[in-house]
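Let me begin by presenting the structure, written as C-alpha cells, before commenting on it.
Just so you know, all these numbers are worked out from the coordinates, no wet-lab data involved. As the structure is a prediction and not an experimental result, all values here were calculated from the model. Cβ atoms come from the backbone with ideal geometry, glycine included; neighbour counts cover every protein chain shown.
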Amino acid sequence: MAGSYANSGEYIKHHLTNLTFGQKADGSWGIAASADEIKEMGFWAINIDSMAFSIGLGVLFLWLFHKAARKATTDAPTGWQNFVEMMIQFVDETVRGSYNKKSKLVAPLALTIFVWIFLLNLMDLIPVDLIPWIGGLLGLPYLKIVPTTDPNVTFGLSLGVFLLVIIYSIRFKGPGGFFAELAFHPFPKYMLPVNLILEGVTLIAKPVSLALRLFGNLYAGEMIFILIALMYGGGLALGIFGGFLQLGWAIFHILVITLQAFIFMTLTIVYLDMASQTEDH
C-alpha cells in the first residue's frame, strides 16, 4: 500500500491515525476525514476503532473462557480446557506470590487484565496494511487495529487500576490512615505540605507509568512494522530483506506483547497489595 501514498510520511501518518468520531468545526457530528479534523474535535472525540476492537476482544475473551468453564469435566483436561486451566493456575500462583491479603477480586482481575491486554497486543501481529485496506473498501478514511497503541485505551486501563488502589487503601486503612500515609511520610508531620506533594506525585505516577509503558512499547512495535512495510516498495532485493526483518521482528514481538501484558498484571497486583498494607504511621 505504500505506493498509493504521496510519500512515506503520509503512509506512516495514515497508519497511525485512528478512526475518530466527534463534533466538527461546522458544528456537525461525524467521522473525521483528516488528521486536521481530528485535532478540531477536541477532548470529546471518540476513537471508534479502539473502542470497537477493545470491546470485541473483551467479549471474545469472556466467551472463550465461559465456553471452557461450561464444558469442563473432572477427567484429565484436554485441548482448550487444559489451556484455560494452565492460565488460571499461572495467574493464581502469581497472585499468591505478590498479594498477601485474601480477596475474591484480585485473582479474577489479574486474569482479566493479562488475557485482555494480551489479546489487544496480539493485534500488532496482523499485517499493517491489511486492516487499513479493508477500511478503505468500507469507505473508512482510517482504521487501526491495535488498541494499545492508543493512549486513551492504556490510560483507561490504568485509571481503572488507580481507582481500585484508592478504594483498597481507604478500605484497609480507613480515610484517616490513607491521609496519614500521604501527609506524614517520609518527613516529620510538620512538613505535611512537602509530604503531600511527594506522596501525591508517587501515587499519581503509578497509573501514568502503567499507561505510558504499555502504550510506548506497543506504539514503537507498530512503528517498526510500518517502517519495515515501506521496504517492500524499494525493489525486489529490499523487499526480500524486509520480509526477513518482518519475520524476525514478529517472532521477537510475541515475547514483547506477552511481557507487557504480564508486567501490567503484576504491577496491578503489587499496587493493590501495597494499598492493602496496614502498617502504623
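Miscellaneous remarks
- Candidate values (i) 30; (ii) 48; (iii) 39, label of the one derived for percent of Cα pairs over 29 Å apart: (ii)
- A straight chain from A52 to M223 at 0.36 nm per residue would run longer than the Cα-Cα distance by 59.4 nm.
- Sorted on the mean count of surrounding Cβ atoms within 10 Å across their residues, most packed first, peptides 128-135, 145-152 read 145-152, 128-135.
- Each label was represented as a point 7 Å from its Cα along the Cα-to-Cβ direction; for A180 and T258 these points are 4.5 nm apart.
- Members of K102/K189; K102/K206; K67/K144 lying beyond 27 Å, as alpha-carbon distances in this model show: K102/K189; K67/K144
- Kyte-Doolittle mean at least 0.0 and Cα axial length at least 15 Å: DSSP H helices in the chain: 48-70, 106-122, 151-183, 192-230, 236-276
- Mean separation of Cα contacts under 8 Å, 6 or more apart, over the residue count of the chain: relative contact order %: 25 percent
- Dipole moment magnitude, nearest 20 debye, the chain about Cα centre, only Lys, Arg, Asp, Glu C-beta charged: 640 debye
- Selected from L109, L120, L16 as most flexible by GNM, with the chain as the system and alpha-carbon contacts under 10 Å: L109
- Only Cα pairs under 8 Å and 6+ residues apart enter the sum, and on that basis the relative contact order of the stretch 1-142 stands at 26 percent.
- Between the stretch 147-200 and the stretch 224-281, the Cα center-to-center distance that results, in Å: 28 Å
- The stretch between D75 and K102 holds 6.8 nm of extra length on full extension. This uses 0.36 nm per residue minus the Cα-Cα distance.
- Highest-MSF residue in the chain out of V270, V161, V115 [GNM, Cα springs under 10 Å]: V270
- Selection from Y168, H253, L238 lying farthest towards where the dipole of the stretch 50-276 points positive, charges on Cβ: Y168
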